[in-house]
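A quick write-up on the structure given underneath.
Values quoted throughout were computed directly from the atomic coordinates according to the rules given, and no laboratory measurement underlies them. Keep in mind that this is a model prediction, so the values were computed, not measured. All Cβ positions, even for glycine, are placed from backbone atoms using ideal geometry, and neighbour counts span all protein chains on display.
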Amino acid sequence: MKNNLVSCYNSYLMATKWDKKRSDWYCRAVEKSNYPGKAVTSLTTLLRKCTSVIDIGAGCGALSVPIARKVKKVTAIEPSKWMFELLLKRSKKAGIKNIRAYNTGWKGNMFQGGLHSTIKSHDMVICANLPHNLVCNRGFLEYITKISSKYIVFIQSAGRWNRFYYEDLYPKLLKKRYKREADYIETYFFLHKQGIFANIKMFDYYFDQPFDDFNDALDFWKHRLKLKLTSKKEKILADFLNKKLVPLGRAGALTAPFGLRKAALIWWKT
Ligand SMILES: C[S@@+](CC[C@H](N)C(=O)[O-])C[C@H]1O[C@@H](n2cnc3c(N)ncnc32)[C@H](O)[C@@H]1O
């Protein structure tokens, strides 16, 4: 099909932590953030040599949408039903017609739902901000190597950022220290062990979290931390957030400023 924005495998819903609320918050943060612009600018030289791109774990289209303006065709693969719907909605709103979207994801050692064996090779495969255990999976790496004819690109967090204020909140609410997640260097080591000596380009960006109001913000942390709070702990969280959140534009709206973040764009030729 030509010039199509289509959804496939809609019936397939992979178990994912990207539920409706989490997907909506993420998408709202994307729309306020300079992450898509910064990432795509960092990719410009490579994208000039590409006509087709696969965006795996495309989320709400943070990269698929701007990249679709630069290349002939984008294939976006996203397992979460809610992220997938946001991706379709945002692409439609942007008037994008060259994204083919699949509501599926990598599970075990393959893409679910038939896509695995039918997908054609594309110039570039992008995996941005995907779970560590996915990008560091040998079967996954072998597969994406097969379906990329020019480049593979990983985008991952680099170094410390005050992730949702967890370093402050864990001791206060969960009585334990927050253990930081893996960053790009672990992925780089993994690739090195597989004989891939990738290039790295760093960029920085803001990814603050907007909220409709204070209750929306409280709900965000309760949902993220999977907390049923006692009234005492809820007060601790509310007091903490009162000090951190800042007003944003219209009355009642707030934002959580997380500061400047760094990302590593890891890329290699296939
Ligand atoms: C943090 S979001 C990143 C979205 C987008 N790539 C971006 O940079 O904005 C992570 C995405 O990876 C997707 N994901 C998680 N596990 C996946 C899997 N096994 N296969 C494909 N995508 C996956 C999630 O559904 C989610 O949309």
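In degrees, nearest 10, range 0 to 90: what is the angle between the Cα axis of helix 214-224 and the longest Cα principal axis of the chain? Helix 214-224 sits roughly 60 degrees off the main axis of the chain. Antiparallel beta bridges, as assigned by DSSP with both residues in the range 38-147, represent about 15 percent of the total such bridges.
Distance between the pseudo-spin-label points of THR44 and PHE164 (7 Å out from Cα toward the beta carbon): 3.4 nm.
Structural descriptor for the chain: relative contact order 22 percent, calculated from alpha carbon pairs under 8 angstrom and at least 6 residues apart.
How big, in percent, is the set of alpha carbon pairs in the range 208-270 lying more than 14 Å apart?
More than 14 Å apart: 64 percent of the Cα pairs in the range 208-270.
Tell me whether the range 130-253 comes out rounded, prolate or oblate; compute the Cα gyration tensor, take square roots of the eigenvalues as a ≥ b ≥ c, and use a/c under 1.5 as the rounded threshold.
Prolate is the answer for the range 130-253, as a/c is 1.5 or above and a/b outweighs b/c.
Rank-order 226-239, 32-45 by packing density, defined as the average count of other C-beta atoms within 10 Å over each peptide's residues, highest first.
32-45, 226-239
Charged neighbours of ASN103, selected by a Cβ distance under 9 Å, balance to -1 (K, R count +1; D, E count -1). Length, then width, then depth: along the principal axes, the Cα atoms of the chain run 55, 41, 33 Å.
Amide H to amide H, with H built 1.01 Å from N, ILE54 comes under 5 Å of THR75, MET124, VAL125, ILE126, counting only residues 5 or more places away or on other chains. Residues in the range 175-185 carry Karplus couplings, in order, of 6, 8, 7, 7, 8, 5, 7, 4, 10, 4, 5 Hz; the curve used is 6.51 cos²θ - 1.76 cosθ + 1.60 with θ = phi - 60°, and Gly or Pro positions show x.
Looking at the range 95-236, the DSSP beta bridges with both ends there are about 25 percent antiparallel. Between the amide H of GLN209 and those of ALA256, PHE258, distances stay under 5 Å, these residues lying 5 or more places away or on another chain, with hydrogens modeled in the peptide plane. The calculated FRET efficiency for ALA94 paired with LYS235, based on their beta-carbon distance and R0 = 35 Å, is about 0.25.
With respect to the chain, whose longest principal axis is taken over its alpha-carbon atoms, helix 81-93 is tilted by about 70°. Along the range 30-38 the Karplus relation, 6.51 cos²θ - 1.76 cosθ + 1.60 evaluated at θ = phi - 60°, assigns HN-Hα couplings of 4, 5, 8, 8, 9, 4, x, x, 5 Hz to successive residues, with x for each Gly and Pro. For PHE197 and LYS146, the difference between the fully extended length at 0.36 nm per residue and the C-alpha to C-alpha distance is 16.6 nm.
Separation of the range 21-68 and the range 252-270, taken as the distance between their Cα centroids, equals 11 angstrom. Using the structure shown, select from LYS17/LYS120; LYS120/LYS201; LYS32/LYS81; LYS92/LYS222; LYS89/LYS244 the pairs with a Cα to Cα distance greater than 25 angstrom. With Cα atoms farther than 25 Å apart: LYS17/LYS120; LYS120/LYS201; LYS92/LYS222; LYS89/LYS244. When DSSP beta bridges are restricted to pairs lying wholly in the chain, around 50% turn out antiparallel.
Each Lys and Arg Cβ is given +1 and each Asp and Glu Cβ -1; about its Cα centre, the chain then shows a dipole of about 120 debye. Label sites at LYS244 and LEU260, each approximated as a point 7 angstrom past Cα along Cα to Cβ, lie 2.1 nm apart.
Shape summary of the range 37-116, radius of gyration then Dmax from alpha carbon positions: 12.5, 35 Å. Helix content alone sets the calculated 222 nm mean residue ellipticity of the chain: runs of n ≥ 4 DSSP H residues at -39500 (n - 2.57) each, divided across all residues, give -10500 deg cm²/dmol. Karplus-based coupling profile of the range 44-51, in residue order and whole Hz: 3, 4, 5, 5, 4, 9, 10, 10, with θ = phi - 60° in 6.51 cos²θ - 1.76 cosθ + 1.60 and x standing for Gly or Pro.
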